[in-house]
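These notes concern the structure reproduced below.
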Amino acid sequence: MTEVGLDVLFGEQLGLVEGRSIGLITNQTGIDSQFRSNLTLFAENPKIKLAALFSPEHGISGSTQAAIHLSSTVDKGRQIPIYSLYGETREPTREMLDGIDALVYDIQDVGSRFYTYISTLLRSMRAAAANKVGFIVLDRPNPIRGDRVEGNLLQPAFQSFVGETAIPIRHGMTVGELAKFCQAELGYASARLEIVPMHSWRRGMWYDQTGLPWVPPSPNIPTVETATLYPGTCFIEGTNLSEGRGTTKPFEWIGAPWIESEKWADTLNNLELSGTHFRPIHFTPTFSKHADQECHGVQVHVTNRNQFKPVDVALHLIATAQRNYPDQFEFLKSRGQFFFDLLAGTDELRLRLMQCESPTQILQSWAAETAMFTEQRRPHLLYD
């Protein structure tokens, strides 16, 4: 069984936190291989002062839906503050860090640039450096393998909380490796970055091969299969197609009231994309886009996850929907900004799709920068 950084910290490296005032950045995923909560382990150890908790998007318990701002509150049982990093601020402030010796980051990621937990990681590193506070990352698996890299690099003009820095969509790193890489290569300084690595994790592992308990990291990533799809089908959020929010299959069920399910499924299956099959479906979201309206579309079935390429699949979903339904399909715009562009880290992808450039050509044009990143990250990898 894989041992996560939390296991290793309390089993072998407790000296990193003993005698220190700790701010813990975490949520419901912060458990060890025996289901013990990091909150309990830190709070009940008399040699550690747990001074504050910091919560990412979705809150300390992971129960809040996406994009809902949260206020800071208090852990009533322990009488310590819970500072929200998805509310008035997206990084710890000087006041929040007053009296704290080190921040400890312990959150399960999903392996995609869009996912805001890595934005919280990097911005918290920067805040720690600015305030001369130590920063410790308790490492956890990349659940969708650490040897697969897909997609383009984010362009600086499109930096946002769903795209914090210049990495590919599927980056293939653990959070510890990502912190190390960004500190060394992308200028994310940390006063004292320390990473507690895992034991018995290999790059070719899927999460369900680690022996670790799976805790859904957010309300709409219930399973490892959802996480497998997410680096691709999250793009649907930037369109007027439903990405399946408000259903039991988020990021697996894709559709809209005006889609013809069988026709779209046939079009997609004729592409013979590796490791996937598209099944025609009908569903009614209970919230989010097209709430309480019957939608028609496809379920994206992963038939071979080792061959499946989520970004490839997503671009074909969007390209075929745009081509077949030009009068209905739209990229969504809010406050003068296309959300799709923030997800893509560029406006070029949207413009190329609108010009009906083939997804295959687009993907081929990214190959050089993906290969460059793969080499650039190599010295910063912690696992074989």
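Assorted remarks:
- Looking only at segment 256-294, and only at residues there that are without any contact (Cβ under 8 Å) to a residue 40 or more places away in the chain and among the polar types (S, T, N, Q), the one that is surrounded by the most Cβ atoms within 10 Å (Cβ to Cβ): 276
- Sole residue being more than 28 Å from residue 310 (Cβ to Cβ), hydrophobic (A, V, I, L, M, F, W, C) and at pLDDT below 95, chosen from 9, 103, 70, 41: 70
- Taken as a whole, the structure leaves residue 123 outside the set of residues that are part of a loop (DSSP other than H, G, I, E, B) and either more than 14 Å from the chain's Cα centre (by Cα) or over 18 Å from residue 174 (Cβ atoms) (or both).
- Checklist (1) within 26 Å of residue 26 (Cα to Cα); (2) of a type in the set (Val, Ile, Thr); (3) not assigned by TED's automatic domain parsing to the domain that holds residue 173 applied to residue 195, failing item: (3)
- Selection from segment 189-218 of residues that are buried (at least 17 other Cβ atoms within 10 Å of the Cβ), assigned to a loop (DSSP other than H, G, I, E, B) and among the hydroxyl-bearing types (Ser, Thr, Tyr): 190, 210, 218
- Every condition in (1) touching a strand residue (DSSP E or B) at 6+ places or on another chain (Cβ under 6 Å); (2) in a helix (DSSP H, G or I); (3) buried (at least 22 other Cβ atoms within 10 Å of the Cβ); (4) of a type outside the set (A, V, I, L, M) holds for residue 183 except the one numbered (3).
- Here residue 100 meets each of (1) within 27 Å of residue 178 (Cα to Cα); (2) not in a loop (DSSP other than H, G, I, E, B) with one exception, condition (2).
- Residue 221 vs. criteria β-branched (Val, Ile, Thr) and either without any contact (Cβ under 8 Å) to a residue 40 or more places away in the chain or crowded, with 22+ Cβ neighbours inside 10 Å (or both): yes
- Only residues that are touching a Lys or Arg at 6+ places or on another chain (Cβ under 9 Å) and acidic (Asp, Glu) were counted in segment 342-384, giving 1.
- Some residue of segment 111-119 being of a type in the set (A, V, I, L, M, F, W, C), touching a residue at least 60 places away in the same chain (Cβ under 8 Å), part of a loop (DSSP other than H, G, I, E, B) and within 24 Å of residue 225 (Cα to Cα): yes
- Answer from 64, 29 - the residue that is assigned to a loop (DSSP other than H, G, I, E, B), within 23 Å of the chain's Cα centre (by Cα) and either within 22 Å of residue 193 (Cα to Cα) or not assigned by TED's automatic domain parsing to the domain that holds residue 214 (or both): 29
- Counting only helices (runs of 4 or more DSSP H) that fall entirely inside segment 272-384 and contain at least 2 residues that are modelled with pLDDT of 95 or more and among the small types (Gly, Ala, Ser), the qualifying elements are 310-324, 367-377.
- The residue list 87, 77, 59 contains one member that is out of contact with any Phe, Trp or Tyr (no Cβ under 6 Å at 6 or more places or on another chain), over 30 Å from residue 289 (Cβ atoms) and either in a strand (DSSP E or B) or assigned by TED's automatic domain parsing to the domain that holds residue 177 (or both), which is 77.
- Only a single criterion out of (1) in contact with a strand residue (DSSP E or B) (Cβ under 6 Å, 6 or more places away or on another chain); (2) buried (at least 21 other Cβ atoms within 10 Å of the Cβ) is not satisfied by residue 4, namely (1).
- Out of 258, 264, sole residue that is of a type in the set (Phe, Trp, Tyr), at pLDDT 95 or above and in a loop (DSSP other than H, G, I, E, B): 258
- Here residue 377 clears all of (1) touching a residue at least 40 places away in the same chain (Cβ under 8 Å); (2) surrounded by fewer than 18 Cβ atoms within 10 Å (Cβ to Cβ); (3) within 29 Å of residue 182 (Cα to Cα) except the condition numbered (2).
- Filter result for residue 72 (under 21 Å from the mean Cα position of the chain (by Cα) and farther than 21 Å from residue 194 by Cα): no
- Yes/no for residue 167 being part of a loop (DSSP other than H, G, I, E, B), touching a residue at least 60 places away in the same chain (Cβ under 8 Å), among the β-branched types (Val, Ile, Thr) and within 21 Å of residue 384 (Cα to Cα): yes
The values are calculated or read from the model by the stated rules, or taken from the named source; none is laboratory data. Please read all numbers here as calculations on a predicted model, not as lab measurements. Counting neighbours? That spans all protein chains shown, and the Cβs are built from the backbone with ideal geometry, glycine included.
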